[in-house]
Amino acid sequence: MTRVRYFAAALEATGLDEERRGEQTVGALRAGLVADHPGLAGILSQCAVLVDGSRVDDAASLADAELVDVLPPFAGG
Amino acid sequence: MHAGAAAGPGAGAVRLARVETVPLDLAAHLAAVEDDTAGAISTFIGRVRDHDPHASAPVVALEYSAHPDASAALRGIAERAAAGTRAVVAVSHRVGTLQVGDLAVVIAVAAPHRDEAFTVCRAVIETIKLELPVWKRQHAADGSAQWQGLGG
């Protein structure tokens, strides 16, 4: 299981700070998240998914991942 | 620590880089970059303004939140901006709910000459905009609220 953390608009859309997920790839995780949290549908495609601190593409494996961050577009300054 | 005699070319340094929950203080940033080698100090202040093209009514507040690693990311941004220069940098980004006129970002950059001070200061704020893991939600006078940076 992978610990998935949500921030900002993603936190608001899921109503969760974090949860444990069992998907084995980032692509599967994205699909599973939209299925379980319909509020994410409009924003997840704009979010970066960081796996253990690195930006990865949807084919990346989550088999050994500990921490996934779902990051909406940054808006600092 | 502020002695400049040993600081040769390329000795750029970051003296302050922090995500803060309390009001930002320009004077503290100027004090942090105090250095006898500095012939120029450039500052930047990012403020909450009362309007935005995406807002349906006048803006009354911005609600900032940050990733837990944001302070480290801010330090990395400042270090990269100062690398290869003689600039010294102090930078802070505020989080929490800010009202119109409150300071969201304060940057002070001291350098031997003005060009380096301006260039490094500009690089820090532009990179903050692109890379710092901070988010803001804009609250308007009609009660609506919008996450910034999300299209559509």
Checklist entry - Out of all the residues in the range B:129-151, is one or more part of a strand (DSSP E or B), in contact with a strand residue (DSSP E or B) (Cβ under 6 Å, 6 or more places away or on another chain), closer than 24 Å to B:Val14 by Cα and more than 14 Å from chain A (Cβ to nearest Cβ)? => result no
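Would you mention how many residues in the range B:98-128 are away from chain A (no Cβ under 14 Å), open to solvent by less than 40 Å² (accessible area, probe 1.4 Å) and in contact with a Ser or Thr (Cβ under 7 Å, 6 or more places away or on another chain)? Before the answer, list the steps.
First, pick out the residues of the range B:98-128 that are away from chain A (no Cβ under 14 Å): B:99-101, B:108-120.
Within this subset, residues satisfying the condition of being open to solvent by less than 40 Å² (accessible area, probe 1.4 Å) are B:101, B:108-112, B:117, B:120.
Narrowing the set further to residues that are in contact with a Ser or Thr (Cβ under 7 Å, 6 or more places away or on another chain) leaves B:108-109, B:111-112, B:117, B:120.
Number of matching residues: 6.
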Checklist entry - Considering only residues of the range B:59-79 that are open to solvent by less than 10 Å² (accessible area, probe 1.4 Å) and under 13 Å from the mean Cα position of the chain (by Cα), which is nearest to B:Gly96 (Cα to Cα)? => result B:Ala70
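Yes/no matrix, rows are residues, columns are (1) part of a helix (DSSP H, G or I); (2) modelled with pLDDT of 95 or more; (3) not basic (Lys, Arg):
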position: B:Arg15; (1), (2), (3): no, yes, no
position: B:Arg18; (1), (2), (3): no, yes, no
position: B:Pro23; (1), (2), (3): no, yes, yes
position: B:Ala31; (1), (2), (3): yes, yes, yes
position: B:Asp36; (1), (2), (3): no, yes, yes
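Restricting to the range B:50-72, what's the tally of residues that are touching a residue at least 60 places away in the same chain (Cβ under 8 Å), part of a loop (DSSP other than H, G, I, E, B) and of a type outside the set (Asp, Glu)? Full working, then the answer.
Step one: of the range B:50-72, the residues touching a residue at least 60 places away in the same chain (Cβ under 8 Å) are B:52, B:54-67, B:69-70.
Those left that are additionally part of a loop (DSSP other than H, G, I, E, B): B:52, B:54-58, B:67, B:69.
Within this subset, residues satisfying the condition of being of a type outside the set (Asp, Glu) are B:54-58, B:67.
Within the range B:50-72, residues that are touching a residue at least 60 places away in the same chain (Cβ under 8 Å), part of a loop (DSSP other than H, G, I, E, B) and of a type outside the set (Asp, Glu) number 6.
If you check A:Ala28, A:Ala9, A:Ala59, A:Ala63, which single one turns out to be assigned to a helix (DSSP H, G or I) and farther than 26 Å from B:Gly46 by Cβ? Walk me through how you get there before you give the answer.
Numbers: A:Ala9 fails: farther than 26 Å from B:Gly46 by Cβ; A:Ala59 fails: assigned to a helix (DSSP H, G or I); A:Ala63 fails: assigned to a helix (DSSP H, G or I).
Exactly one residue qualifies, and that residue is A:Ala28.
The values are calculated or read from the model by the stated rules, or taken from the named source; none is laboratory data. Note that the structure is predicted; figures quoted are calculated from it, not measured. Quick reminder, even Gly has a Cβ in these numbers, built from the backbone with ideal geometry, and neighbours come from all protein chains shown. For accessibility, only protein heavy atoms count, side chains too; no ligands or nucleic acids. Shrake-Rupley method; radii C 1.70, N 1.55, O 1.52, S 1.80 Å.
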